[in-house]
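A short worksheet on the structure shown next.
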Amino acid sequence: MKRINSISNFSTTEKTFVTIGTFDGVHFGHQQILKKLVAEAKNAGKKSVLLTFFPHPRMVLQKNAKIALINTIDERANLLEKIGLDYLIIHPFSEEFSKTTALEFVENILVKKFHISKLIIGYDHHFGKNREGNIAQLTAYSKQYNFTVEEIPAQDIDNVSVSSTKIRTALNNGNLATANHFLGYPFMLNGKVENGKQLGGKIGFPTANIAIKESYKLIPKTGVYVVKANINNKVVFGMMNIGYRPTINGNHQTIEVHFFDFDKNIYQKHITVQLLYFLRDEQKFNSIEALTLQLKKDEQLARNYISKKLEISN
């Protein structure tokens, strides 16, 4: 997959099959659209193109509305690469670009720039200035400019329509099982390991403090999670706390991971942590001793969960 930053940097003489969208989460529903795009493009001898946008349009057009995204742009690109696209075009979304009319978008981008042969889009897709473009307009334009349009119906899992909004809600509520089910992979956090206050090490639970630089990245509900990471090509399990450390009167949110059976120095290393299971809510304890006792219980529960998961996979 070739990653291209901006439509203006893309050039081809070949016909393309295209899909468009933010694809935050690259969830199960997105994957159905993208796999169909890739397969049909290959069968037709055409190139597959995904046009996505960053920043997210709502971050530009609704500046007062706080939006937290399931993926950072790099996470999204990495997930998309696994699907087998020929081209990923990440176009900088701006207020100026938002004024592009539906006709201008079709004529100048899809037809002249992409040499489009087929457009595959998700259910209820809108595009162009004020989201004026819809499936009816696209169908009309497709006849005028000689390309085909296919709309994919809403994808259902267990009779529940999959959407990025529902996944965000599940993560915010601590419903990790539902979020991971809809995503089709474990939700992840990426960041650099930074120095903390070393309290964990003093009570027998040394932690890696994960600093996430992207302010728009969704941080799930506070609490304790079972996690997995790949460090130096080795799979390592552990438990992670997202929260404010109320027992020691913490005043800002931290993300701290205690890895099991692991004692390597990973300070300043960039790691990806996959969230597997939500253990419990964050709570305030009356003493450090009470906190330590609970952490031991958490570790046992986490290890039991990991053992069962490994037995099932084997």
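The values are calculated or read from the model by the stated rules, or taken from the named source; none is laboratory data. Note that the structure is a prediction, hence the values are computed from the model and not measured. No Cβ is skipped: glycine too gets one built from the backbone with ideal geometry, and neighbour counts run over all protein chains shown.
So I312 passes all but one of these: (1) closer than 30 Å to F182 by Cα; (2) surrounded by 11 or more Cβ atoms within 10 Å (Cβ to Cβ); (3) β-branched (V, I, T). Which condition number does it fail?
(2)
Within region 119-150, restricting attention to residues that are within 23 Å of the chain's Cα centre (by Cα) and not hydroxyl-bearing (S, T, Y), which residue is modelled with the highest pLDDT? Explain how you work it out, then say what you get.
Restricting attention to region 119-150, the residues satisfying the condition of being within 23 Å of the chain's Cα centre (by Cα) are 120-127.
Of the ones still in play, those that are also not hydroxyl-bearing (S, T, Y) are 120-122, 124-127.
Details: I120: 92, I121: 85, G122: 77, D124: 69, H125: 74, H126: 72, F127: 72.
Looking at the filtered set, the residue picked out is I120.
Just wondering, is there one or more residues in region 4-21 that are in contact (Cβ under 8 Å) with a residue 12 or more places away in the chain, under 21 Å from K217 (Cα atoms) and of a type outside the set (D, E)?
Yes, the conditions are met somewhere in region 4-21.
Looking at G21, G29, G45, which is the one that is out of contact with any Cys (no Cβ under 7 Å at 6 or more places or on another chain) and farther than 26 Å from N146 by Cα? Break it down into steps so the answer makes sense when it comes.
Values: G21 fails: farther than 26 Å from N146 by Cα; G45 fails: farther than 26 Å from N146 by Cα.
Residue meeting the stated conditions: G29.
Tell me which residues, restricted to region 20-49, are modelled with pLDDT of 95 or more and either under 12 Å from I116 (Cα atoms) or among the polar types (S, T, N, Q) (or both).
A41, N43, K46, K47, S48, V49
What are the residues in region 263-300 that are buried (at least 16 other Cβ atoms within 10 Å of the Cβ) and either over 21 Å from T222 (Cα atoms) or aliphatic (A, V, I, L, M) (or both), if any?
Of everything in region 263-300, those that are buried (at least 16 other Cβ atoms within 10 Å of the Cβ) and either over 21 Å from T222 (Cα atoms) or aliphatic (A, V, I, L, M) (or both) turn out to be I266, I271, V273, L275, L276, L279, L291, L295.
Restricting the search to region 38-81, which residues are within 22 Å of N5 (Cα to Cα), polar (S, T, N, Q) and either touching a residue at least 40 places away in the same chain (Cβ under 8 Å) or surrounded by fewer than 13 Cβ atoms within 10 Å (Cβ to Cβ) (or both)?
Passing the criteria: N71, T72.
Would you pick out the residues in region 94-142 that are closer than 22 Å to Q31 by Cα, in contact with a Lys or Arg (Cβ under 8 Å, 6 or more places away or on another chain) and not charged (D, E, K, R)?
I116, S117, I120
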